[in-house]
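Novice: This structure is in structure tokens; I'll ask about it shortly.
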Amino acid sequence: MLRPLLFLCFVSTSPVTAADDPLPAAATEARSRYEKALAALQKNQTEEVEVAAMGYLQRVNELLESAKKDKQRDEAALLEKEIERLGKKDSSKAGRLPAAASAAYGSYSAKLIAIQKETLNKHKAIHAGLIRELADVQRNEAQAGHKEAAAAIQASIKKLEKDRPGAVRGNPAINLAQRTLLQSMKDADARLVQHFDQAINRTRNGKLPGKPKAELLDVLKEEKKRFESSGMVPWSEAMRPDLLTYLQAVRAAQKSFRRSTDAEIDRAIKAKNDTAIRELREEADAAFVVKVIGYWSYQGGNGPRHVHAFYSNGTVIDPNGRMTWSLGKAGRLVVRWPNAQAPGGAWVDSCTLSKDGKRFTGANQNRFPVNGIYHTP
């Protein structure tokens, strides 16, 4: 599983100098701007996380009031336990929850992941900006013949390059496994972009009549733009084979990561080193990468709609959860909701995606209708 999400997930602020040598004023000013920008980023992240937490807490309280009103004692007990966990700011994963609360927790978890990702990207940009500024100052100092100042700045730059935001530290095997996983996912992304271009060219040069061709090109261009900007995958019929290829590559990379990290943990188990076992498991969970690849506004019957996140590892709502989704070659989307009261221990929604990938319709094994509309956050 992934490491449990924290209520506050601050960006780290590490020193930007690696030597005691005094830096010239221009370098010191650049460092000062970096530290101020980082402090502002940290403050913004804290505020966003607190807003997300308050929203989730408000939703759980609303569900608790409803459960009490309907005299659903078991549900009320689970919700009260969750409110107690939130009050303690317990960073562990939520326990068993009623379906509506589980959906709210999944949305909350997805928000935290998005906040972390956005903050890290901004931190990387600030960090890279500082390196560029210091490189300019270092070049000017070297050209002016200030060798000691230039050397001090160069030492700072080297430390910054080594201590980049998001860099994995710790066990070398886990570091390598994560680098391999990230590269495999990056390669899969690049191949999918190529497949978009190929599909667009095939459509443009194909024999479809004018209006259907224009409509399909619009769908493909919209999906490509969405994927390149946010990582949300295409669901249209034209891109479905490429989506399946993409998912196969990503999940194979994720399985390879787990095999590598499990082998390292097994060595610690054989050595009977309990501390190393615990630390390696935590490090492996923290290094594992699962991302949201789509959002669907889900409805059962005439009930309320809920926006559910679909993850790259085949889970729904919660990347650590038991709710899963799969996609067949014929565009059959199957979503499985474990439930002790359901036939076979789970409600299984079998759905058909529309050609443009923006809707699906289907039913579970009791013929209870479900439908979905693609949701853009």
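The numbers here are math on the coordinates, done by the rules we state, and not lab data. Treat the numbers as computed from the prediction; the structure is a model and nothing was measured. Positions of Cβ are backbone-derived with ideal geometry, glycine not excepted, and every protein chain shown enters the neighbour counts.
Novice: In terms of the Cα gyration tensor, with a ≥ b ≥ c the square roots of its eigenvalues, is region 292-374 rounded because a/c is under 1.5, prolate because a/b exceeds b/c, or oblate? Intermediate values should be presented prior to the final figure.
Specialist: Values: a/c = 1.37, a/b = 1.11, b/c = 1.24.
Rounded.
Novice: Continuing with this model, one more query. So which trypsin sites (Lys or Arg not before Pro) in region 182-263 end up in coil per DSSP with only 13 or fewer other C-beta atoms within 10 Å?
Specialist: Those satisfying the criteria are LYS207.
Novice: In terms of modelled amide H atoms, which long-range or inter-chain residues lie less than 5 Å from the amide H of VAL307?
Specialist: Counting only residues 5 or more places away or on other chains, the set is TYR298.
Novice: What is the angle, in °, between the Cα long axis of helix 274-287 and the longest principal axis of the Cα atoms in the chain? Nearest 10 is fine, range 0 to 90.
Specialist: The answer is roughly 80 degrees.
Novice: Could you tell me the relative contact order of the chain? Use alpha-carbon pairs under 8 Å, at least six residues apart, and round to a whole percent.
Specialist: Over the chain, the number comes to 15 percent.
Novice: Also, I was wondering about something else. List the pair-distance distribution P(r) of the chain, using every Cα-Cα distance, as the percent of pairs falling in each 20 Å bin from 0 up to the bin containing the longest distance, rounded to whole percents.
Specialist: Bins of 20 Å from zero give 22, 50, 25, 3, 0 percent of pairs.
Novice: Convert 20 °C to kelvin, take the viscosity as 1.002 mPa s, use the Kirkwood radius over C-alpha pairs of region 172-287 as Rh, and evaluate the Stokes-Einstein diffusion coefficient in µm²/s, rounded to a whole number.
Specialist: Rounded, D is 130 µm²/s.
Novice: Continuing with the same structure: Can you flag which of LYS117/LYS221; LYS43/LYS88; LYS89/LYS159 are past 28 Å Cα-Cα?
Specialist: Too far apart for the 28 Å limit: LYS89/LYS159.
Novice: How much of the pair distance distribution for region 25-162 lies past 19 Å, counting alpha-carbon pairs only, in percent?
Specialist: Tail fraction, whole percent: 63.
Novice: Report, in degrees rounded to the nearest 10, the 0 to 90 angle that the Cα long axis of helix 240-270 makes with the longest principal axis of the chain.
Specialist: The answer is roughly 60 degrees.
Novice: Any chance you could give the angle, 0 to 90 degrees and rounded to 10, that helix 147-162 forms with the longest Cα principal axis of the chain?
Specialist: On a 0 to 90 degree scale, this one is about 20.
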